[in-house]
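A quick write-up on the structure given underneath.
The values are calculated or read from the model by the stated rules, or taken from the named source; none is laboratory data. Computed from a prediction, not measured in an experiment: that's the story for all the values here. All Cβ positions, even for glycine, are placed from backbone atoms using ideal geometry, and neighbour counts span all protein chains on display. Note: accessible area is taken over every heavy atom of the protein model, side chains too, but ligands, DNA and RNA are not part of it. Shrake-Rupley method; radii C 1.70, N 1.55, O 1.52, S 1.80 Å.
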Amino acid sequence: GEERERYGVSVAHVGSSMDAQARHFEASYLKAYRAWRGGTPEAESEGRVIMDEILAAQRAEPCRYMVDTLMRERLGGFMAAMAERRPELDITNWLAEIAARDKRLDMMRRLARFDPHVWGDPGWQALEAHGVSYRGRAAHGDELTKIYAAAQVQIDIGRIYQSDIITMRVFDVLACGGFLLAEHSEALASSFELGVELVSWRTPEELEEKVAYYLEN
């Protein structure tokens with residue numbers, strides 16, 4: 001009973017906020033763009049403006065990955081120069097990781113009225129002002145199992161650039177007997193009976209609607 005009170009929250013998500021990765025790749029992008037454009041502060045400001053515009057466009061379409069296309073449109077010369085200089089790097093990952101962070105934070109922020117609780121890295125603390133409870137990292141051992149088993153609704157949010165995969169979280173939650181709202185993918189639909197073994201969501205609005213419905217039912 002004591003553990004159920006601790007872990008039996010209405011809505012739960014366990015995972016990385018991706019904030020540390022996003023900050024690292026933002027710094028890498030700005031440093032490289034500044035060097036490519038002459039090394040001036042104005043060059044860095046220009047690079048930031050373009051980055052912000054790309055990410056704003058992606059945030060407007062949170063479930064349709066567009067960063068790679070937008071970067072080719074807005075940063076074609078920079079990408080060509082980087083490919084010649086550092087062919088081993090896929091610099092679309094730099095802004096893609098930032099967009100993935102933004103999506104995860106935004107999805108959980110949208111659920112604030114349902115009293116969501118998140119376990120993971122400190123990047124989630126940014127949502128506490130919006131009504132999301134940050135519970136720290138899930139401890140090694142069986143704490144993760146207890147969270148997955150006790151919370152009423154578990155939320156799965158994939159990386160924005162990996163819409164064709166099933167996250168390990170899906171298998172973990174189901175193995176613990178938890179109820180899962182997972183981001184939709186064709187792989188998910190081909191591997192599970194949706195609506196029976198788990199429920200999927202495709203848009204932020206659908207996620208909110210289904211959280212409300214299943215908490216009530």
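Values for this structure:
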read-out: Charge dipole of the chain about the Cα centre (unit charges at C-beta), most positive-ward option of Leu181, Ala27, Gln125; value: Ala27
read-out: The stretch 49-97: trypsin sites (Lys or Arg not before Pro) in DSSP loop, at most 15 other beta carbons within 10 Å; value: Arg64
read-out: GluC sites (Glu not before Pro) restricted to the stretch 23-117 and DSSP loop, no more than 12 other C-beta within 10 Å; value: Glu88
read-out: Share of carbon and sulfur in the accessible heavy-atom surface of the chain [1.4 Å probe, %]; value: 48 percent
read-out: Geometric extent, Cα atoms of the chain - Rg, Dmax (angstrom); value: 19.2, 63
read-out: Unit charges on C-beta of K, R, D, E only; dipole of the chain, Debye; value: 540 debye
read-out: Nearest-10 value in Å² for the accessible area of Glu186, using the 1.4 Å probe; value: 130 Å²
read-out: Residue-averaged 222 nm ellipticity for the chain, from DSSP H runs of 4+ at -39500 (n - 2.57), nearest 500; value: -16500 deg cm²/dmol
read-out: Antiparallel DSSP beta bridges within the chain, as percent of all bridges there, nearest 5; value: 0 percent
read-out: Cα extents of the stretch 92-217 along the three principal axes, largest first (Å); value: 36, 36, 31
read-out: GNM flexibility winner over the chain from Val196, Val49, Val153 (Cα, springs under 10 Å); value: Val196
read-out: Amide hydrogen neighbours beyond the local backbone of Leu180, cut-off 5 Å, H modeled; value: Gln154, Val199
